[in-house]
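First comes the structure, then the notes that go with it.
The values are calculated or read from the model by the stated rules, or taken from the named source; none is laboratory data. Because the structure is a prediction, the values reported are computed rather than measured. Positions of Cβ are generated from backbone atoms using ideal geometry, with glycine treated the same way; all protein chains shown enter the neighbour counts. When the accessible area is computed, the model is the full protein with side chains, heavy atoms only, and any ligands, DNA or RNA have been set aside. Shrake-Rupley method; radii C 1.70, N 1.55, O 1.52, S 1.80 Å.
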Amino acid sequence: QIMLMGSAEVVAAPKETVKFVEDMTVEEQALKGAIIPAGLVNLGNTCYMNSTIECIRYMPEIREALSASSSINLATLLKSTYNELDRSGISIPPYSFVHNL
C-alpha cells in the first residue's frame, strides 16, 4: 500500500458524475455554454431586427422581466425565441416572432 504526501486516507467518490463535452447532446452543450451561442437566421430583411434581438438577449433585466411576463403578446414570443436559442446549438429562424410583428 502506497501513501502519498497530502493524500486522504480514503479517496471519496465524486459527488457529481463527470460528463464530458463529447458525451453531451447539442442541447446540453448549449445550456452549459460549451458551444458558441446560436443566432437567428436572416429571413430576408430581418438582419437589423435579428441583431437587436440577439443583443437584448444578454441583458439580465430584460430576461427577468420576460420570465415574469405571463400574457400572450410580443414579450411572450420574444421569451420563447430566447428559450429556443438557449437550447439550440444551431441558428434558428424567428418565424413566430416575425409573423406577429
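Evaluated with a Cβ-only charge set (Lys, Arg +1; Asp, Glu -1), the chain carries a dipole of roughly 220 debye about its Cα centre, given to the nearest 20. Helix-only arithmetic for the chain: the sum of -39500 (n - 2.57) across DSSP H runs with n ≥ 4, divided by the residue total, places the mean residue ellipticity at 222 nm at -12500 deg cm²/dmol.
Taking a probe of 1.4 Å, how large is the accessible area per residue of the range 21-68, in Å²?
Details: 3430 Å² over 48 residues.
About 71 Å² of surface per residue is accessible.
Taking all protein chains as they are arranged and a probe of 1.4 Å, the heavy atoms of V98 leave approximately 50 Å² accessible to solvent. Of all segments of the chain bounded by chymotrypsin sites (Phe, Trp or Tyr not before Pro) found in a DSSP loop with no more than 14 other C-beta atoms within 10 Å, the longest spans 59-101. Helix 47-56 axis versus longest C-alpha principal axis of the chain: approximately 50°, rounded to the nearest ten. Helix 74-87 and the long axis of the chain differ in direction by around 30°, with both axes built from C-alpha atoms.
So for the pair V98, E27, with labels modelled 7 Å out along Cα→Cβ, what separation do we get in nm? Result: 2.5 nm between the two label points. Under a no-solvent Debye model with one identical scatterer per Cα of the range 7-73, what's log10 I(q)/I(0) at q = 0.12, 0.13, 0.24, 0.29 Å⁻¹? Once normalised to I(0) and log-transformed, intensities are -0.59, -0.65, -1.10, -1.17.
With the contact rule set at Cα under 8 Å and sequence spacing of 6 or more, what percent relative contact order holds for the chain? Show your work: numbers first, answer last.
On the way: 74 pairs, mean separation 35.9, N = 101.
35 percent.
Of all lysines in the structure, those lying under 26 Å Cα to Cα from K79, and not within fewer than 8 positions of it along the same chain, are K32.
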